[in-house]
1. Tell me, what ³J(HN,Hα) does each residue in region 45-52 have, in order and in whole Hz, if you take phi through Karplus 6.51 cos²θ - 1.76 cosθ + 1.60 with θ = phi - 60° and put x for Gly and Pro?
2. What list of ³J(HN,Hα) values in whole Hz, one per residue of region 27-43 in order, does the Karplus curve 6.51 cos²θ - 1.76 cosθ + 1.60 (θ = phi - 60°) give from phi, with Gly and Pro shown as x?
Amino acid sequence: MPQEIWINLPVKDVEKSTAFFNEIGFQAVSVGNERAKLSIGQTAILLFPESAFEKFTGSKQLLKEMNLK
């Protein structure tokens, strides 16, 4: 049975990040109002705005540790 891997990636600007990934050859598509998804084989990468990622994880500390803020 195939197994999928999902990665949630916080970004400052979903629209610009989607454009970047499309420019370098990936097929990133918008999902809803604030997210985008790109697939690499059975791995799905979801691009979230940082604010949504903070709500999802319940912590701003994680973003600070990742040097994103």
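1. 10, 9, 9, 10, x, 3, 4, 5
2. 9, 7, 10, 5, 10, x, 7, 10, 9, 9, 9, 10, 10, 10, x, 9, 9
A short reminder: the numbers here are calculations on the coordinates, not readings from a lab. Because the structure is predicted, anything quoted here is derived from the model rather than measured.
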